[in-house]
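Below is one structure, written out as structure tokens, with a few remarks after it.
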Amino acid sequence: MNVLNFVNAFFSDSAHWHGYDGIPARLAEHVQYTLEALALAAAIGLPIGLVTGHYGRGGNALSLVATAGRALPSFGLLVLMTTLLGFGMLPVMIPLVVLAVPPILVTTYEAMRSVDPSPVDAARGMGMHESRILFQVELPVALPLILSGLRSAAIQIVSTATIAAYVSLGGLGRYIVDGLFQVNYEKVVGGATLVAVLALVTLALFWAVARVAVSPGVRRR
Amino acid sequence: MSDYLHDFFDIPSDLQHSWIGLVGLHLREALLPVAAGLLLALPLAQLCVRFRWLYPPVLGVTTVLYAIPSLAFFVVLIDYTGQTELTVMIPLAVYSLVVLVPAIVDGVRSVPQETLSAATAMGFGPVRRYLQVQLPIAVPAIIAGLRVATVSSISLVSVGMLIGNQGALGNLLHDAQMYNRPELTWNSVITTALLAILVDALLVLVRVLLTPWMPSGTAGREQAPALKDAAR
């Protein structure tokens, strides 16, 4: 098991644990990029998905947007944005947000559409305002699916934020890109392991959030 | 203008391909894995439909596999398959498998019980019933899964550039920086996006041809699984 030896060598080297190129610093950068991109993508995708899903309009337009967003190659977009805007945070955020908006948008729309219409009609019959129906009836029922959309967006961002290192930013991709250029596989494999572990932690976090946030009545169905 | 177009398609010789050659290479690197994924997913999904207890663990394993970032996946494989096309294609095949298994299982399971009973009453055996009734009815769901798998596969091939320049159209990105020719970056992004959109449209066409009983537009029930899978 060559890979395991690399992993072991990487993590047991104390030089990798402190300083600006240490694991804690790189991990913090990676988490920061991920949270910022996810927050931006959610700020764009959630409201549009909720409203279009509530009124049941624009499904075709949304699937077009989703296909277009997915068709744009993130890596290419990153390099393109860097040539256009120079090095910095913005050229990295744009491809990550473009990548993350479609799953959030489409799942939110789909989640709202799949809500059982009878409680919605009952709420309307009781004279509830449309916005209250949206937030107090539809949203709680749609929440598990909405969370799954946010989850796949988050995992794709964690995975793609690695390429930010190619345009001279930090994050865990630093180890992979530097390692590849220095032909230092220990570093490369160590970085890859860290990213994979972070992705799995994200998966677990969303599972935990779903346990807490989803109402037991919805979960049972 | 014509000068610019000339530069646009003037591919540096170190890439060892013309523009069309790169397109062909890109399609091969993106589509072979999806085909391999489909080939593996069909029997695996059938097993999951047949033995219900098998589905949750399979779904769990595939979700975890999907969470492994492509670049990390490529890099770990280098140790076994070197900086070759295969290193790029194996992860793409795994991702396709991950998208396709749930799509096929959901599709096959969505066949109404009455339809199955009718087929049995007409004397269909299990194999014929699967091939001639369940699979055709599952086609929209399978194609929806294939669309997601191919489009992301085409997009991900570019990252292969970091693995010994195995990124087909993505390799243009490297040359664009090396020779300071930004138009090559545009070429890479636009061509890759167009390829993805074209292949996606082709798959929609295949779906329309394979399901003559369905309305040809995206109207109706078919919208739901397509959107659901687009979200994966």
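The values are calculated or read from the model by the stated rules, or taken from the named source; none is laboratory data. Given the structure is predicted, the values throughout are model-derived calculations rather than measurements. Neighbour counts run over all protein chains shown; Cβ positions are idealised from the backbone, glycine included. To get the accessible areas, we keep the full protein, side chains included, count just its heavy atoms, and leave off ligands, DNA and RNA. Shrake-Rupley method; radii C 1.70, N 1.55, O 1.52, S 1.80 Å.
Worth a mention:
- Cβ pairs under 9 Å, 6+ apart, first in segment A:206-217 and free of Cβ contacts under 8 Å to residues at least 12 places away in the same chain, second of a type outside the set (A, V, I, L, M) and loosely packed, with under 12 Cβ neighbours inside 10 Å: A:R211/A:R219
- Filtering segment A:58-92 to residues that are open to solvent by less than 50 Å² (accessible area, probe 1.4 Å) and aromatic (F, W, Y) leaves only A:F75.
- Screening A:R151 on (1) within 10 Å of chain B (Cβ to nearest Cβ); (2) within 30 Å of B:A176 (Cβ to Cβ); (3) within 20 Å of the chain's Cα centre (by Cα) shows it passes everything except condition (2).
- Selection from segment B:1-26 of residues that are surrounded by 17 or more Cβ atoms within 10 Å (Cβ to Cβ) and part of a helix (DSSP H, G or I): B:L15, B:L22, B:V23, B:L25, B:H26
- Lone unmet requirement of (1) modelled with pLDDT of 90 or more; (2) open to solvent by 10 Å² or more (accessible area, probe 1.4 Å) for A:I157: (2)
- Any hit, segment A:202-210, residues being crowded, with 20+ Cβ neighbours inside 10 Å and under 23 Å from the mean Cα position of the chain (by Cα): yes
- Looking across segment B:73-90 at every residue that is open to solvent by less than 20 Å² (accessible area, probe 1.4 Å) and within 11 Å of chain A (Cβ to nearest Cβ), the one that is nearest to the chain's Cα centre (by Cα) is identified as B:F74.
- So A:S215, is it closer than 27 Å to A:V79 by Cα, loosely packed, with under 15 Cβ neighbours inside 10 Å and of a type in the set (S, T, N, Q): no
- Residues in segment B:110-136 that are surrounded by 13 or more Cβ atoms within 10 Å (Cβ to Cβ) and over 22 Å from B:L210 (Cβ atoms): B:T120 alone.
- Boolean, B:N180 is facing chain A (nearest Cβ under 10 Å), open to solvent by 10 Å² or more (accessible area, probe 1.4 Å) and on the phi > 0 side of the Ramachandran plot: yes
- The test for being within 20 Å of B:A30 (Cα to Cα), at pLDDT below 90 and within 11 Å of chain A (Cβ to nearest Cβ) does not hold for B:A226.
- Check on B:I197, within 18 Å of the chain's Cα centre (by Cα) and either within 11 Å of another protein chain (Cβ to nearest Cβ) or modelled with pLDDT of 85 or more (or both): yes
- Index of the failed condition, B:V189 passing every other in (1) closer than 19 Å to B:S18 by Cα; (2) among the hydrophobic types (A, V, I, L, M, F, W, C); (3) touching a Lys or Arg at 6+ places or on another chain (Cβ under 7 Å): (3)
- Residue in segment B:84-93 that is in contact (Cβ under 8 Å) with a residue 12 or more places away in the chain and over 24 Å from B:T62 (Cβ atoms) present: yes
- Among (1) more than 13 Å from every other protein chain (Cβ to nearest Cβ); (2) more than 17 Å from A:Y55 (Cα to Cα) - the single one A:S131 does not satisfy: (2)
- Residue identified as β-branched (V, I, T), open to solvent by less than 10 Å² (accessible area, probe 1.4 Å) and closer than 26 Å to B:A41 by Cβ among B:V139, B:V151: B:V151
- Residue list for segment B:46-72, filter: of a type in the set (A, V, I, L, M, F, W, C) and away from chain A (no Cβ under 14 Å): B:L47, B:C48, B:V49, B:F51, B:W53, B:L54, B:V58
- In a residue-by-residue description of segment A:106-116, the property of being over 15 Å from A:H54 (Cα atoms) and either in contact with an Asp or Glu (Cβ under 8 Å, 6 or more places away or on another chain) or not basic (K, R) (or both) applies to no position.
- Hits in segment B:157-170 - residues which are open to solvent by 10 Å² or more (accessible area, probe 1.4 Å) and more than 8 Å from chain A (Cβ to nearest Cβ): B:G164, B:N165, B:Q166
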